[in-house]
Amino acid sequence: QVQLVESGGGLVQAGGSLRLSCAASGRTGSYAMGWFRQAPGKEREFVAVISRSGGNTYHADSVKDRFTISRDNAKNTVYLQMNSLKPEDTALYYCAASVRAQFPTNSYLYNYWGQGTQVTVSS
């Protein structure tokens with residue numbers, strides 16, 4: 001069993017930056033890790049994924065070149081650096097861990113989820 005706790009969300013003006021963290025109770029090096037987000041009235045949306053070693057990453061087109069996922073397996077923590085934030089980035093951001101999938105982008109491939117951290121971007 002893995003417990004995930006997100007932090008780092010908040011209120012920021014458009015064009016600003018935030019760094020989200022996801023601390024895991026277990027060894028994150030055993031899992032592919034992803035970030036998802038869900039805005040009010042919308043479905044949960046894939047944001048980024050990072051492989052177990054951290055050697056491979058993939059970002060959704062909507063955040064590419066603005067967001068960067070990274071991980072520190074020694075600290076059992078995954079990060080999402082968010083730059084040039086836009087109002088449409090406003091959402092509840094979740095981190096998730098996948099036990100078996102190597103590089104999952106679909107939410108159903110993830111086994112463990114955090115409670116989420118709110119990001120609000122004002123215009």
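The values are calculated or read from the model by the stated rules, or taken from the named source; none is laboratory data. Computed from a predicted structure; not experimentally measured. Heads up, the Cβs are rebuilt from the backbone with ideal geometry, glycines too, and the neighbour counts pull from every protein chain shown. Remember, those area values only see protein heavy atoms, side chains included, never the ligands or the DNA or RNA. Shrake-Rupley method; radii C 1.70, N 1.55, O 1.52, S 1.80 Å.
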note = Reported set for the stretch 20-46 where residues are among the aromatic types (Phe, Trp, Tyr) and part of a strand (DSSP E or B) is Trp35, Phe36, Phe46
note = Of the residues in the stretch 114-123, those that are under 14 Å from Glu45 (Cα atoms) and open to solvent by 40 Å² or more (accessible area, probe 1.4 Å) number 0
Single match in Ala96, Ala91, Ala74, Ala101 (criterion: small (Gly, Ala, Ser) and free of Cβ contacts under 8 Å to residues at least 40 places away in the same chain) = Ala74
message = So if I check each of Arg37, Arg71, Arg44, which one is in contact with an Asp or Glu (Cβ under 6 Å, 6 or more places away or on another chain) and within 20 Å of Thr117 (Cα to Cα)?
response = Arg37
request  = Working only within the stretch 76-98, note down all residues that are more than 12 Å from the chain's Cα centre (by Cα) and either open to solvent by less than 50 Å² (accessible area, probe 1.4 Å) or within 13 Å of Cys22 (Cβ to Cβ) (or both).
outcome  = Asn76, Leu85, Asp89, Thr90, Ser98
message = For the structure I just gave you, tell me whether Val2 is among the hydrophobic types (A, V, I, L, M, F, W, C) and part of a strand (DSSP E or B).
response = no
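Report yes if Gln3 is within 18 Å of Gln115 (Cα to Cα) and either at pLDDT below 95 or surrounded by fewer than 16 Cβ atoms within 10 Å (Cβ to Cβ) (or both), otherwise no.
On the way: within 18 Å of Gln115 (Cα to Cα): yes; either at pLDDT below 95 or surrounded by fewer than 16 Cβ atoms within 10 Å (Cβ to Cβ) (or both): yes.
When the stated conditions are applied, Gln3 passes them.
Take the residues of the stretch 47-71 that are in a strand (DSSP E or B) and either among the small types (Gly, Ala, Ser) or free of Cβ contacts under 8 Å to residues at least 12 places away in the same chain (or both): which is nearest to Leu20 (Cα to Cα)? Walk me through it before giving the result.
As a first pass, look at the stretch 47-71 and keep what is in a strand (DSSP E or B): 47-50, 57-59, 67-71.
Narrowing the set further to residues that are either among the small types (Gly, Ala, Ser) or free of Cβ contacts under 8 Å to residues at least 12 places away in the same chain (or both) leaves 48, 70.
Numbers: Ala48: 12, Ser70: 10 Å.
Result: Ser70.
What number of residues within the stretch 99-110 are outside any helix (DSSP H, G or I) and exposed (fewer than 14 other Cβ atoms within 10 Å of the Cβ)? Walk me through it before giving the result.
Pass one, the stretch 99-110, residues outside any helix (DSSP H, G or I): 99-106, 110.
Subset that is exposed (fewer than 14 other Cβ atoms within 10 Å of the Cβ): 99-100, 102, 106.
So the answer is 4.
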request  = Just need a number here: residues in the stretch 23-70 that are open to solvent by 60 Å² or more (accessible area, probe 1.4 Å), touching a strand residue (DSSP E or B) at 6+ places or on another chain (Cβ under 6 Å) and small (Gly, Ala, Ser).
outcome  = 0
